[in-house]
Amino acid sequence: MKLQQNSMLALYSLFEFAADPLRHISAAEIAEKYRVSPHHLAKVLAELARAGIVQSVRGVGGGYRFAGNARRLTLLDVISRFEDISSGSDERRDRTPADHALAIVLSEIDEITKATLQSITLATLLRLAERRIDASEPAAANPVARNARRAA
């Protein structure tokens, strides 16, 4: 599955925010880390703020911080804000038996994808990253691993 850039930016940002939920992180800092346009990222963060997933704080020391619950926020909750994840109907479907069969299979794939995205929380994503970090270096030397452990 290939996600649109907005979905990926939202997930990258939420990963950063949830790893250290008390810290305010600027859009510029995230944009620099992931090498993306700060202007484009700001639009994504504005959508997440409207949804109540992040909070925006203006002024010196401001930025964004995580406002959600990492154990409840699923990948589907985030991705569905930026992607059309509904089963699309193709006007060619059901013209022939092959079209009908393909429509059934593709619909099942869509449902499996939704169920999978709904079963993975942001906390799960943080734990997966922590395992990878722990495998490569000691947690004491890596603040992301320590913060991810606290958030999960």
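Of note:
- Selection from region 104-152 of residues that are closer than 30 Å to residue 84 by Cα, surrounded by fewer than 13 Cβ atoms within 10 Å (Cβ to Cβ) and modelled with pLDDT under 60: none
- Residues located in region 40-62, provided they are touching a Ser or Thr at 6+ places or on another chain (Cβ under 8 Å) and within 15 Å of residue 19 (Cα to Cα): 54
- Remark: pairs (first residue in region 113-132, assigned to a helix (DSSP H, G or I); second residue charged (D, E, K, R) and at pLDDT 95 or above; Cβ separation under 6 Å; 6+ apart in sequence or on different chains) = 123/71.
- None of 99, 90 is of a type in the set (Asp, Glu), modelled with pLDDT under 90 and either over 24 Å from residue 4 (Cβ atoms) or touching a Phe, Trp or Tyr at 6+ places or on another chain (Cβ under 9 Å) (or both) except 99.
- Of all residues in region 17-45, those satisfying the criterion of being within 17 Å of residue 79 (Cβ to Cβ) and in contact with a strand residue (DSSP E or B) (Cβ under 9 Å, 6 or more places away or on another chain) are 17, 18, 45.
- In the set (1) touching a residue at least 12 places away in the same chain (Cβ under 8 Å); (2) at positive phi, residue 35 fails one condition alone, (1).
The values are calculated or read from the model by the stated rules, or taken from the named source; none is laboratory data. Given the structure is predicted, the values throughout are model-derived calculations rather than measurements. Cβ atoms come from the backbone with ideal geometry, glycine included; neighbour counts cover every protein chain shown.
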